[in-house]
Amino acid sequence: MLKASAAAVDVVRRPHRGITFLIYHRVGAGNGGQMDLPLDVFEAQLDWLRDTQRVISLDQAADELSSCVGAEPGVGPGVEPGVVLTFDDGTTDWVDHVLPALERFSTPATFYVATEFVDEGVPFPSDGRPLDWVAVRELASSALVTIGSHTHRHLLLDRLPDEQIGDELDRSIELLSEHVDRPVAHFAYPKAVAGSPAADAAVRSRFRTAVLAGTRANRGGADLYRLARSPVQASDGSRWFHRKATGGLGAEDEMRQLANRVRYRGITA
Ligand SMILES: [Zn+2]
């Protein structure tokens, strides 16, 4: 119902084209949640993306978005439409299912790791088994993979005291740098909630890009620290997935954000 309403809004308020970032969490973990896609569904998505879209790495998207700056911020002249795949958190299905599928379809993706869960073996919600560092290194060894930070403890950066923000980011960068032999240049805000002004400044001084939600394509000249992403859900089916991958269904996100503001009130992680 929400998706159908959002699609109806797209008819009136046509989504603009640009580079769409998709948010995934788990694949084939079998927890039956909205953020856990069955493996065959994920593979069908990769198959469709390969045949119909231009799937690019996050660094390439950042290069392209920043090289076509228009008269107004975020409304630059046509960036070539494309899709970037991103994964949040750090569960074992990333090496068990996601990496082999990406390699089968030669599709690049970015993985944002909440490092405390990996470093201390803390389970994620809904029985999410965390990767260990051996698995993170295996993931990072693929030329298709970019590793980013998702904070250390998965804390919401709109409510963390200013003096703790730097440590939260630096601990994550330090651990990832220690285990992954590449610079950690990209960041995803936990639960896609934008940070406080202090968090925004801390993120800008440490990373090249940062991603939120928003369910729309990013246009040329977009703020690289407020990149919009579109969450892929198990209930999307191919019809809604195709719309999201091309920048549609923004109204679904607006309604969800409204609900989340109520749900996450008073919560810090
Ligand atoms: Zn997360």
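Summed over the residues of the chain and divided among them, the accessible surface reaches 43 Å² per residue at a probe radius of 1.4 Å.
Solvent-accessible area assigned to carbon and sulfur over region 24-72 amounts to 50 percent, based on a 1.4 Å probe.
Electrostatic tally near S172: other residues with Cβ closer than 9 Å to its Cβ, Lys and Arg +1, Asp and Glu -1, net -2. So for the chain, taking the charge dipole from beta-carbon charges (+1 Lys/Arg, -1 Asp/Glu), which of V83, I147, A201 sits furthest toward the positive end? Farthest towards the positive end: V83. For the pair region 176-227 and region 88-155, the centres of their Cα atoms are 17 angstrom apart.
The residues neighbouring R50, those whose beta-carbon lies less than 15 Å from its own, together hold a net charge of -2 under the Lys/Arg +1, Asp/Glu -1 convention.
Extension gain for D167-S205 works out to 12.4 nm (0.36 nm per residue, less the C-alpha to C-alpha distance).
Across the chain the C-alpha pair distances fall into 10 Å bins from zero in the proportions 7, 31, 39, 21, 2 percent. Give me the distance in nm between label points sitting 7 Å out from Cα along the Cα-to-Cβ direction at H16 and E120, one decimal. Simple spin-label model gives 4.3 nm for this pair. Shown for region 211-255: the carbon plus sulfur share of the solvent-accessible area, taken with all protein chains present and a 1.4 angstrom probe, equals 46%. For region 135-265, the alpha carbon positions stretch 42, 37, 30 Å along the principal axes, listed from largest to smallest.
The values are calculated or read from the model by the stated rules, or taken from the named source; none is laboratory data. From a predicted model like this one, the values you see are computed outputs, not experimental measurements. Note that each Cβ is placed from the backbone with ideal geometry, even for glycine, and that neighbours are counted across all protein chains shown. What goes into the accessible areas is simple: the full protein's heavy atoms, side chains included, and nothing from ligands, DNA or RNA. Shrake-Rupley method; radii C 1.70, N 1.55, O 1.52, S 1.80 Å.
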